[in-house]
Amino acid sequence: MECLRWAGKGINIKYEIRGNRNGYKAGALKEGMKHPYVNQCDYVAIFDADFQPEPDFLRHSVPFLVHNPQLALIQARWKFVNADECMLTRMQEMSLDYHFTVEQEVGSSTYAFFGFNGTAGVWRIAALNEAGGWKDRTTVEDMDLAVRASLKGWKFLYLGDLKVTI
């Protein structure tokens, strides 16, 4: 198991499994934030299981949060690994390119609201907590949290050059 390998090198890493599926993804995120070791952390990175961040992802994302206490979220761009091999995937990538380039990049550059995409992002835990944490009463937990954090005055930053392969 990958986590055991890293833990053997002295890295503080945890692999957790829930005993139920209550609340689905939002329920899992909510449950994960209850572990005592989370109190020692300032940030949480979120990736869906099929996302493949580069090893230096945190080195390219976390400094923005460290140097700007108004930022709640760093959102990375998605890059499809097989967009040149499958027409359906290529069309999906083209559609999401519009979403990232227009909605996310424009929103970020003007400090206007843009939603969290649910993955490939890093949240400031204080912002997450101030906004009320993950709510499992909705199927759009990512947008729900982003709206609540934005209403509390938190800002988001989209990094178009930071890509996570899916």
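The values are calculated or read from the model by the stated rules, or taken from the named source; none is laboratory data. From a predicted model like this one, the values you see are computed outputs, not experimental measurements. Positions of Cβ are backbone-derived with ideal geometry, glycine not excepted, and every protein chain shown enters the neighbour counts. Heads up: the accessible areas ignore ligands, DNA and RNA and are worked out on the full protein's heavy atoms, side chains in. Shrake-Rupley method; radii C 1.70, N 1.55, O 1.52, S 1.80 Å.
Write down the percent of antiparallel bridges among all DSSP beta bridges whose residues are both part of the chain, to the nearest 5.
50
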(request) Using a 1.4 angstrom probe on heavy atoms only, work out the carbon and sulfur share of the accessible area of the range 27-166 in %. (result) 55
(request) Kindly provide the GluC sites (Glu not before Pro) of the range 1-99 that DSSP labels as loop, not H, G, I, E or B, and whose Cβ sees at most 11 other Cβ atoms within 10 Å. (result) Glu16, Glu85
(message) Positive end of the dipole of the chain, charges at C-beta (+1 Lys, Arg; -1 Asp, Glu), about the Cα centre: which of Thr138, Met33, Phe47 has its Cα farthest in that direction?
(response) Met33
(request) Using only Cα atoms, locate the centre of the range 1-44 and the centre of the range 106-138, then give the distance between them in Å, rounded to an integer. (result) 19
(request) Provide, as a two-decimal number, the C-alpha radius of gyration of the range 1-67 over 2.2 N^0.38 Å, N being how many residues it has. (result) 1.25
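For the chain, compute the orientation-averaged projected area of the C-alpha convex hull (one quarter of its surface), in nm². Can you show the working numbers first?
On the way: hull surface 43.0 nm².
If you wrap the Cα atoms of the chain in a convex hull and average its projections, you get 10.8 nm².
Express the accessible area of the chain per residue in Å², computed with a 1.4 Å probe while the remaining protein chains stay in the model.
Result: 61 Å² of accessible area for each residue.
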(request) Compute the distance in nm between two label points, each set 7 Å from the Cα along the Cα-to-Cβ direction, one at His99 and one at Tyr24. (result) 1.5
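Just order 118-129, 3-14 by mean Cβ neighbour count inside 10 Å, highest at the front, would you?
On the way: 118-129: 20.8, 3-14: 10.0.
Output ranking for 118-129, 3-14: 118-129, 3-14.
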(message) Among Asp84, Asp136, Asp144, which one shows the highest mean-square fluctuation when the chain is modelled as a Gaussian network with alpha-carbon springs under 10 Å?
(response) Asp84
(message) Using the crude model of +1 on Lys and Arg Cβ and -1 on Asp and Glu Cβ, and no other charge, please compute the dipole size for the chain relative to its Cα centre, in debye to 20.
(response) 620
